[in-house]
Amino acid sequence: MGRNVEIGPALSDPGRRRFLGYSGIGALALAFGPLQAEPSTLTREVSRFKDNPFSLGIASGDPLPDSVVLWTRLAPEPLASLGGMEPHRVPVGWQVAEDARFRRVVRQGTATARPEYAHSVHVDVRGLRPGREYFYRFKTGNEISPTGRTKTAPAPWATASAFTFGMVSCQAWFDGYYTAYGHLAKEDLDLVVHLGDYLYEYGVQTNGGRPDTPVPGKFHTPTIHLSDYRDRYALYKLDPELQAAHAMAPWLVTWDDHEVVDNYADLAHPSAPPEDFLVRRANAYRAYWEHMPLRTLEPTGQNMSLYRRFTFGRLLEFSVLDTRQYRSDQACGDGLKTDCEQRLDPSRTLLGDAQEAWLLGGLERSQAKWNVLAQQMMLSQVDFNTNPGQAFGMDLWDGYKPSRDRLLNGIVERKVSNPIVLSGDFHRSMAANVKQDFDDPASPTIATEFLGSSVSSGMDGADMDEFGSQFLAANDHIRFYNGQRGYMTFNVTPDTWNASYRVVPYVRERGAPVFTRASFAVEDGKPGLQADSKSAARGRKYLSASEVEPPEPLKGNRK
Amino acid sequence: MSVRKIIALLAVSLTAVAGVALYVGTASAARQGRGSVTMTVQSGTLDVLAAPCGGRPLVVDLANSGSQGAYVDVFITPERPLVTSHDVISTYVPPNDNVVLRAQVSAPLGSAGGTHDVSLRLGPRGPRQEAAVTVTPKPSGPGANLALGGPVSASSTHGNFHVCGGVDGNANSDDWSTRTGWNDGTRAVFPDTYTVAFGGPQPIDRIVLYTLDSVRYPAARNGLRDFDVQVLGNGGEWTTVSRVRGNTKGRLEFSPDPVVSTTSVRVVALASNSGDYSRIVELEVYQDS
């Protein structure tokens, strides 16, 4: 692959930047992309659109102390090819204000929606003040977008007294409604972290999870081409509850596998040889970039650097990881395996050498009280077998044990302050004490892991199921399980890390309530789940293994 | 995508190709003059059956002879009565490599026989290329498989499958999930139904059902176990013509006696041998056979 990795979000060479930074309150500045000679592509003001061009909503993300990225995409006919746009460039104005009525506009400018990026717009707004709430909107022709709320990171030296953020993952559109997002949008959060599976490559069937929303036939097949992925993002982003969640706070996003295809590993996937698969990955990565509020440059080809670091004063630092693009192929043919020797091969990697070195180096240099790994897969060991002998999922960190040992030992050796692991992917909630050696109960707890459930993937689920009972019985370090849908919220202070599992009891019908199923605290300097409170279960109480969507390694053959 | 296989084809066909469109990259990744993509229709004249599932893939090769990758858009415009699955397909084409695209071309039920064109352009202003498509009316009458091409519907369909997979003329379980087959979309929830309609009453005397049965996926492990075969009556009620329990076979044949006249046949799956999904490779319905 041999690609130079861009380290850190804000430190890249400004000469390569897509956006022009500028300073001076009230300055009118342009946020054009690189002005490559494209004689056949004209920029044309469009005053009248066939329908609302902001049908896919707005978003912000990648907050820095002085900057945040604003996103939108013009799509007056969101499910039509190219969003119903003609193939020329369109100017899009943007404003950032201190108030929701835009009386105190502090930055504004004009960006260009380009057809080669599906008329998506990314604006890296510079010159903002740290730790501040802002409001933003776009305008094109006579159309004005909804207003979004965003927030810059605190100054690097600031000791914030509190920081709150939400965590989400896994939003299969066809499995149910985004009720969890509707509730998330009503929380007062400084940030939302998305751990991947924003999109699923599977065909969307009209008779699937949302029978009230028929979709055109082109959505019935899996995503392969750039246009397929673009159309699928448009379908997902049409959801008003997802749009509300984006409009509420800046997001930090990373991908898992389904943004390309189930369980791919680097360029390995059973559907195609690597030299063919790279085309699908290139298409998927490009569409992901087009639809996310990312500061990174647009990808060209099959590679896109996504791992990056965000610091929120002295309080916390996020290392946002990519556990898909650089990993070794799953050991022993993937799935659930017992006695797989290959999973112990130290030459195999989950992060890739460059990302692993970047991660450990960053953790060593961090000045933050809480150090967060925002990543995809359950890091803690998950033994599926309650009998003697162990069975592990080969797609999880368990399938890459030496890679995990290097990370955990690296954290111990560097005396990393308060490591916290966030994970998704699994469509169930768990809380775990991360042990230096999971097979030794006397081994020290060195970090705390919060596995957040899916927004919709897996359908309604139940509070407990047969798999959850087995996980709790076979893994002493796993202290909590819930098999329903939802999101997590975290309230972080210098002394305490508070985590809440916010659960919706059903998603196959609209309008489910949200409740806090369990809360945990982690105290400064004491890794592990130190206290907890739980509420009564709601919705389905229990599902047997045959009734519930099985965890990933038991889902059968890969597609 | 079997790009490598198509390369061999391309080598043969390039010499004979006239009117290959040249597209000098206007996409962002291709710097001026470096990305150079050509488009070639590979599939020749297509024969489509005038039925919802009677379409055929139009196969288009995109070859990039430049040293820079390119993102390109293929614009697809069918001549009436033809319909295409996509009007635009966009893809990355790696440098010095090629990519094969497929767009499904079909003709609505009741379309007259004839030959029509699908027009393709590489880029919004690229030169046109035409692909010829021959439409054949759906067969009926003695000996014809009335189910072929549908219309077909299902209680649900798994995201990796298409509802047409059980009436596409491919009864080969070795092609399961790669080229053919229907799999319901609700795990461990029964019943599942798979329904084919004829557009009018037809006398039928033979129904053939293929459930999944291959060396890799034997019917005894993955096929339908318990199911009813039903026909639609004049009053809209379903009548069971055969009730199967404990099946382990891959191919089953049913002969309504006496011959029944019906507008629709369906399979109601009550259980599968794997307990999770219902799987049908092909459903055939005949008259006077």
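Compare B:Asp257, B:Asp174, B:Asp117 in a GNM of chain B, Cα atoms joined below 10 Å, and give the one with the largest fluctuation. Residue with maximal mean-square fluctuation among B:Asp257, B:Asp174, B:Asp117: B:Asp257.
Bridging of A:Lys526 to lysines at a Cα separation below 25 Å is possible for A:Lys369, A:Lys401, A:Lys415, A:Lys435, A:Lys534, once same-chain residues fewer than 8 apart are set aside. Computed on the Cα atoms alone, the convex hull of chain B gives a volume of 149 cubic angstrom per residue. Quote the relative contact order of chain A in percent (integer), defining contacts as alpha-carbon pairs under 8 Å separated by 6+ residues. RCO, chain A: 13 percent. Counting 0.36 nm for each residue step from B:Thr178 to B:Arg56 and taking away their Cα separation leaves a gain of 42.4 nm. Under 5 Å from the amide H of B:Ala50 lie the amide H atoms of B:Thr136, B:Lys138, each residue being 5 or more positions distant or on a separate chain, with H modelled from the backbone and absent for Pro and chain starts. Summarising the label geometry, the points placed 7 Å from Cα in the beta-carbon direction at B:Val189 and A:Asp437 lie 4.7 nm from one another. First measure r as the distance between the Cβ atoms of A:Thr43 and A:Glu98, then evaluate 1/(1 + (r/R0)^6) with R0 = 30 Å and state the FRET efficiency to the nearest 0.05. With a Förster radius of 30 Å, E is 0.45. Where only DSSP H runs of four or more residues are counted, chain A gives -4500 deg cm²/dmol as its mean residue ellipticity at 222 nm, each run worth -39500 (n - 2.57). Cβ-Cβ distance of A:Arg149 and A:Asp51, R₀ of 25 Å, FRET efficiency by 1/(1 + (r/R0)^6): the value works out to about 0.50.
Taking Cβ atoms as reference points and 11 Å as the exclusive limit, the residues near B:Val208 contribute a net charge of -1, counting Lys and Arg as +1 and Asp and Glu as -1. Per-residue accessible area for B:Trp238 at 1.4 Å probe radius, Å² rounded to 10? So the heavy atoms of B:Trp238 present about 80 Å² to solvent. For A:Thr164, neighbours were defined as the other residues whose beta-carbon sits under 12 Å from its Cβ, and their charges (Lys and Arg +1, Asp and Glu -1) total -2.
Based on the convex hull around the alpha carbon atoms, region A:328-475 presents an average projected area of 9.4 nm². The alpha carbon radius of gyration of region A:457-508, expressed as a multiple of 2.2 N^0.38 Å, is 1.36.
For B:Tyr277, the solvent-accessible surface with a 1.4 Å probe is about 40 Å², rounded to the nearest 10. Computed with a 1.4 Å probe over protein heavy atoms only, the accessible surface of the protein assembly as shown comes to 36 Å² per residue.
Accessible surface of chain A, 1.4 Å probe: 50 percent of it comes from carbon and sulfur atoms. Approximating the spin labels as points 7 Å out from Cα along Cα→Cβ, the A:Lys186-to-A:Asn142 distance works out to 3.6 nm. The calculated 222 nm mean residue ellipticity attributable to helices in chain B amounts to -1500 deg cm²/dmol, summing -39500 (n - 2.57) over DSSP H runs of n ≥ 4 and dividing by all residues.
Label positions at B:Val215 and A:Ser271, each projected 7 Å from the Cα along the C-beta direction, are separated by 2.7 nm. Which of rounded, prolate or oblate describes region A:164-554 when judged by the alpha-carbon gyration tensor and an a/c cut-off of 1.5? Rounded is the answer for region A:164-554, as its axis ratio a/c remains below 1.5.
Overall shape: prolate for region A:73-125, with the ratio a/c of the largest to smallest alpha carbon gyration tensor axis at 1.5 or above and a/b above b/c. Of the solvent-accessible surface of region B:152-286, computed with a 1.4 Å probe over protein heavy atoms with every protein chain present, carbon and sulfur atoms account for 46 percent.
Net charge dipole, chain B: roughly 780 debye, given to the nearest 20, about the Cα centre with Cβ charges of +1 for Lys and Arg and -1 for Asp and Glu. Each Lys and Arg Cβ is given +1 and each Asp and Glu Cβ -1; about its Cα centre, chain A then shows a dipole of about 1900 debye. If R0 is 41 Å, what FRET efficiency do you get for A:Glu413 and A:Lys555 from their C-beta distance, rounded to 0.05? Between A:Glu413 and A:Lys555 the formula returns 0.65.
Projecting the alpha carbon convex hull of region A:220-323 along each direction and taking the average yields 7.7 nm². Bridgeable lysines around A:Lys237 (alpha carbons under 28 Å apart, same-chain partners fewer than 8 residues away excluded): A:Lys50, A:Lys139, A:Lys151, A:Lys186, A:Lys218, A:Lys555, A:Lys559. When all protein chains stay in place and ligands, DNA and RNA are ignored, the 1.4 Å accessible-area order of A:Tyr326, A:Tyr229, largest first, is A:Tyr326, A:Tyr229. Annotation: A:Glu317 carries an accessible surface of approximately 20 Å², with a 1.4 Å probe and no ligand, DNA or RNA atoms counted.
For q values of 0.12, 0.17 Å⁻¹, compute log₁₀ I(q)/I(0) with the Debye formula on a Cα-only model of region A:405-550, without solvent. So the normalised log intensities work out to -0.51, -0.95. Among rounded, prolate and oblate, which fits region B:152-286 when a ≥ b ≥ c are the square roots of the eigenvalues of its C-alpha gyration tensor, a/c under 1.5 means rounded, and a/b larger than b/c means prolate? Prolate shape, in that a/c is at least 1.5 and a/b is the bigger ratio. Here the extension length gained between A:Ala162 and A:Asn387 equals 76.6 nm, from 0.36 nm per residue of separation less the Cα-Cα distance.
Convex hull of alpha carbon positions in the protein assembly as shown: directionally averaged projected area 35.7 nm².
The coefficient of translational diffusion for region A:490-559, derived via Stokes-Einstein from the alpha carbon Kirkwood radius under 20 °C and 1.002 mPa s, stands at 142 µm²/s. Going from the isolated chain to the complete set of protein chains, region B:155-177 loses at least 30 Å² of heavy-atom accessible area (1.4 Å probe) at B:Thr157, B:Gly159, B:Asn160, B:His162.
The values are calculated or read from the model by the stated rules, or taken from the named source; none is laboratory data. Note that the coordinates shown come from a computational prediction; the quantities given were computed from them, not determined experimentally. A quick note on method: Cβ atoms are made from the backbone with ideal geometry, for glycine too, and the neighbour counts reach across all protein chains shown. Areas reflect the complete protein model, heavy atoms only, side chains present, ligands, DNA and RNA absent. Shrake-Rupley method; radii C 1.70, N 1.55, O 1.52, S 1.80 Å.
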